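Visitor: A single structure is presented below for examination.
Values quoted throughout were computed directly from the atomic coordinates according to the rules given, and no laboratory measurement underlies them. What you are looking at is a predicted structure, and each value in this text was computed from that prediction instead of being measured. In this analysis, Cβ positions are derived from the backbone assuming ideal geometry, glycine residues included, and neighbour counts consider all displayed protein chains.
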């Protein structure tokens, strides 16, 4: 069967040809029913009507008036039969002409109906993975085809943005890995070229190489974490956010003590969410690690967790330099830095906040930042209590009472 269809000309295998046959068939059947109904109605009317006897007043040769009865039954039958025969012939002829005309009309109408789809097909053929700038831009009424074209344009926009983000990410990741490799290579070359290098020179080179490899290791670990977050999570469970946040605060207590930073946790009891405990813990740890990186000595970091309606929130507030408004939308991008050297100097990979956003989105939640230059920053992670919250946006408010932010 498929072989027979494939042997047909291309225009006969098209949807336009099938729509033309469908339109013509429907029109032909409706017209045939209409003509057939009229024909049988006329046949029934002629058969039941008696008009074959005619009475006529005449004068006889003697001058007397009389009635002449003319029997025209045979003549009437002949006329009716001829009329019905000609009606049948004209009806079949009209149906034949109608079918041919309907094919032409159906071909034109189906072409106009399918023209937006043809336009979508042409745009799709011109699109390449390296050039997603093509758009359909279909104009006209807001019908199904217009919505289909708009949906396709929206998909192209998202794909174009995803490809641009991927190219930026690959370029930035390559740059981040190239720097520590260049540092290691340069220091090794210097030591190897120096015949009088001392043990202290070798030790210093090893320390620099170790620091560079630690940076690369952190970057690779974060890249792997992002890759795992982009895969489905089929084994989620009920997570105690109270325990999770408390453990994160305990793990950073030593680091805070060394940096002379006071940790002030305020965690509500009985907080539970549905998700992956490891990634949620990593997101909370990244927020606290980010605050540690920018909080000055002898300052404090407030860590809070609580519930707001159907959401669990985790907030981290620092007294650091703050973030300008024009940077707040980009701080969650992968490897983005306002100052290209600030995270390298602190040993960061530039992926910590990107992982936080990825974890939040994987759990149908979100992450918000509230900050002003010179007044510190507050990051809030929102996670829904129950799964299936995709259609609801997380709150855009600051649940932690503002202490240092005024």
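Visitor: Rounded if a/c is under 1.5, else prolate if a/b beats b/c, else oblate: with a ≥ b ≥ c from the C-alpha gyration tensor eigenvalues square-rooted, which is the stretch 131-231?
Guide: Verdict is prolate for the stretch 131-231.
Visitor: Please list, in order, the residues from the stretch 354-368 whose amide nitrogen is less than 20 Å from a point placed 7 Å along the Cα→Cβ vector of residue 397.
Guide: 365-368
Visitor: When N counts the residues of the stretch 233-384, how does its alpha-carbon radius of gyration compare numerically with 2.2 N^0.38 Å, as a ratio?
Guide: Scaled against compact globular proteins, the figure is 0.99.
Visitor: Here's something else I'd like to know. Given a Förster radius of 45 Å and the C-beta distance between residue 21 and residue 135 as r, what FRET efficiency does 1/(1 + (r/R0)^6) yield to the nearest 0.05?
Guide: The value I calculate is 0.85.
Visitor: Can you tell me the FRET efficiency between residue 224 and residue 28 if r is taken as the Cβ-Cβ distance and R0 is 60 Å, rounded to the nearest 0.05?
Guide: Once the sixth-power term is evaluated, E becomes 0.35.
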